[in-house]
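Read the structure below first, then the notes.
The values are calculated or read from the model by the stated rules, or taken from the named source; none is laboratory data. If you're wondering where the values come from, they're calculated on a predicted model, not measured in any experiment. As a convention, Cβ positions derive from the backbone with ideal geometry for all residues, glycine included, and neighbour counts pool all protein chains shown.
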């Protein structure tokens with residue numbers, strides 16, 4: 001997974017070690033990607049920070065984390081105004097039959113906090129004072145690895161999802 005994004009440096013660097021998982025990374029500047037099987041509501045959440053920290057979560061059911069802080073090979077290249085990141089996501093992290101996707105970016109502090117979505121919740125669905133909720137799975141859009149990797153490609157089976165059955 002590759003990220004190319006503006007670098008705001010706000011909030012400042014998380015205290016965690018670069019290259020390691022960092023709990024609650026969403027409280028910092030971050031780019032997030034969600035890969036969903038919309039039939040089972042099993043999904044992979046990947047959070048990448050321009051300072052090198054990351055957070056990988058496996059969820060089974062909306063907001064139901066069953067694996068967290070999974071290891072990840074992640075490299076960051078940061079300039080004054082932008083950053084790029086490359087994360088190598090093991091196929092075992094992806095739930096079987098990924099069918100939908102969404103991505104988000106978060107930056108800023110306090111009243112300057114900004115939340116962006118590739119596929120946002122429609123304005124008419126928002127209520128005044130409602131906080132951002134990136135787990136609104138019904139607004140994710142169709143996604144197929146075959147579009148990227150060819151029609152003959154088959155998603156490898158995942159030991160994590162097949163052997164370690166998440167509690168539903």
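Observations on the structure shown:
- Test: residue in the range 142-149 that is over 19 Å from residue 38 (Cα atoms) and either in contact with a strand residue (DSSP E or B) (Cβ under 9 Å, 6 or more places away or on another chain) or in a loop (DSSP other than H, G, I, E, B) (or both): no
- All positions within the range 4-20 that are surrounded by fewer than 19 Cβ atoms within 10 Å (Cβ to Cβ) and under 18 Å from the mean Cα position of the chain (by Cα): 4, 5, 6, 7, 18, 19, 20
- Residue within the range 96-106 that is without any contact (Cβ under 8 Å) to a residue 40 or more places away in the chain and either surrounded by fewer than 15 Cβ atoms within 10 Å (Cβ to Cβ) or in contact with a helix residue (DSSP H, G or I) (Cβ under 8 Å, 6 or more places away or on another chain) (or both) present: no
- Residues that are farther than 20 Å from residue 107 by Cα and in a loop (DSSP other than H, G, I, E, B), drawn from the range 30-75: 38, 39, 40, 41, 61, 62, 63, 64, 69, 70, 71, 72
- Which numbered condition residue 23 misses (of (1) surrounded by 14 or more Cβ atoms within 10 Å (Cβ to Cβ); (2) under 25 Å from residue 136 (Cβ atoms)): (1)
- Residue in the range 120-136 that is under 17 Å from the mean Cα position of the chain (by Cα) and at pLDDT 95 or above present: no
- If you go through the range 108-119 and keep only what is in a loop (DSSP other than H, G, I, E, B) and farther than 18 Å from residue 6 by Cβ, you end up with just 119.
- From 45, 69, residue being surrounded by fewer than 16 Cβ atoms within 10 Å (Cβ to Cβ), touching a strand residue (DSSP E or B) at 6+ places or on another chain (Cβ under 7 Å) and within 25 Å of residue 7 (Cα to Cα): 69
- Search result, residues across the range 96-107 that are assigned to a strand (DSSP E or B) and farther than 15 Å from residue 8 by Cβ: 100, 101, 102, 103
- The lone criterion from (1) touching a residue at least 24 places away in the same chain (Cβ under 8 Å); (2) not in a strand (DSSP E or B) left unmet by residue 15 is number (1).
Conditions (1) more than 23 Å from residue 70 (Cβ to Cβ); (2) surrounded by 14 or more Cβ atoms within 10 Å (Cβ to Cβ); (3) touching a residue at least 60 places away in the same chain (Cβ under 8 Å), marked per residue:
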| site | (1), (2), (3) |
| --- | --- |
| 108 | yes, no, yes |
| 116 | yes, no, no |
| 130 | yes, no, no |
| 149 | no, no, no |
| 157 | no, no, yes |
| 160 | no, yes, yes |
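- Positions within the range 76-95 being assigned to a loop (DSSP other than H, G, I, E, B) and surrounded by 13 or more Cβ atoms within 10 Å (Cβ to Cβ), in sequence order: 89, 90, 94, 95
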